[in-house]
Amino acid sequence: MVAPGQSGCGPDKQNRSHDAIEIGYDGFRYLPEVRLLNKRVFRERRIINRFDHDPLLFLTAHCNGQLAGFKIGYAVSRSIFYSAKSATDPQFRKRGVAMRLLEAMVEEITRMGFRELRFDAFPAHHPGMLVIGLRYGFRIRRLIWDDKMSDFRIQLSMKLPR
């Protein structure tokens, strides 16, 4: 629980409460802000290649009314869901934003009937994603050298609760 006067996602890095992180399931509503965050974090305009996947889950996290992060994913089969991209605004890192987004995605896709969640991590570029995945219980499924990224692409996978 967040104490009065504390936000849970404010400037105090020691305050890691998840309570004040608001998760939204309507990411397209914040698409301009998500595009700006994506550009700052990944230095690219493209969020994902296509938005017409069915189903597509586009989550946002807000702290004190400000976009703190996003997570977007889609079905690759009837049983497998792929978390295609996520980012946390650097000013909100180490406050539980990425974990709350992951928890919300797992909860929603489990409710939808998916059996497995996968994502790719590029540890030389974004080591935090690998750490979060392993901490949350994902297992390394595949390791591939990616010439375009000049990094290993580590595919992680997790069986979902039934």
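Of all the residues in the stretch 24-42, those that are without any contact (Cβ under 8 Å) to a residue 24 or more places away in the chain and under 13 Å from PRO90 (Cα atoms) number 2. All told, LEU160 falls short of being closer than 18 Å to ILE47 by Cβ, in contact with a helix residue (DSSP H, G or I) (Cβ under 7 Å, 6 or more places away or on another chain) and surrounded by 13 or more Cβ atoms within 10 Å (Cβ to Cβ). For ILE72, state whether it is at pLDDT 95 or above, farther than 14 Å from TYR25 by Cβ and surrounded by 13 or more Cβ atoms within 10 Å (Cβ to Cβ). Spelling it out, it is not the case that ILE72 is at pLDDT 95 or above, farther than 14 Å from TYR25 by Cβ and surrounded by 13 or more Cβ atoms within 10 Å (Cβ to Cβ).
Residues in the stretch 133-148: is at least one within 19 Å of ILE47 (Cβ to Cβ) and either touching a Gly at 6+ places or on another chain (Cβ under 8 Å) or among the hydrophobic types (A, V, I, L, M, F, W, C) (or both)? Looking through the stretch 133-148, none of the residues is within 19 Å of ILE47 (Cβ to Cβ) and either touching a Gly at 6+ places or on another chain (Cβ under 8 Å) or among the hydrophobic types (A, V, I, L, M, F, W, C) (or both). Where residues in the stretch 77-94 are over 16 Å from GLY133 (Cα atoms) and surrounded by 15 or more Cβ atoms within 10 Å (Cβ to Cβ), which of them is nearest to the chain's Cα centre (by Cα)? Looking at residues that are over 16 Å from GLY133 (Cα atoms) and surrounded by 15 or more Cβ atoms within 10 Å (Cβ to Cβ), I get ASP89.
Is it true that some residue in the stretch 29-36 is hydroxyl-bearing (Ser, Thr, Tyr), over 17 Å from GLY128 (Cα atoms), within 13 Å of the chain's Cα centre (by Cα) and modelled with pLDDT of 95 or more? Talk me through it step by step, then tell me what you get.
From the stretch 29-36, those hydroxyl-bearing (Ser, Thr, Tyr) are 30; that's our starting set.
With over 17 Å from GLY128 (Cα atoms) added as a condition, the list becomes 30.
From what is left, the residues that are within 13 Å of the chain's Cα centre (by Cα) are none.
No, the conditions are met nowhere in the stretch 29-36.
Within the stretch 103-139, the residues that satisfy the criterion of being of a type in the set (Asp, Glu) and surrounded by fewer than 17 Cβ atoms within 10 Å (Cβ to Cβ) are GLU103, GLU107, GLU116.
Report whether or not ARG118 is modelled with pLDDT of 95 or more and under 17 Å from the mean Cα position of the chain (by Cα).
Numbers: modelled with pLDDT of 95 or more: yes; under 17 Å from the mean Cα position of the chain (by Cα): yes.
Yes: the conditions hold for ARG118.
Residue count for the stretch 31-74 satisfying the condition of being small (Gly, Ala, Ser) and out of contact with any Leu (no Cβ under 8 Å at 6 or more places or on another chain): 2.
The values are calculated or read from the model by the stated rules, or taken from the named source; none is laboratory data. Here the structure is a predicted model, which means the values were calculated and not measured. Cβ sites come from the backbone with ideal geometry, for glycine too, and all protein chains shown count toward neighbours.
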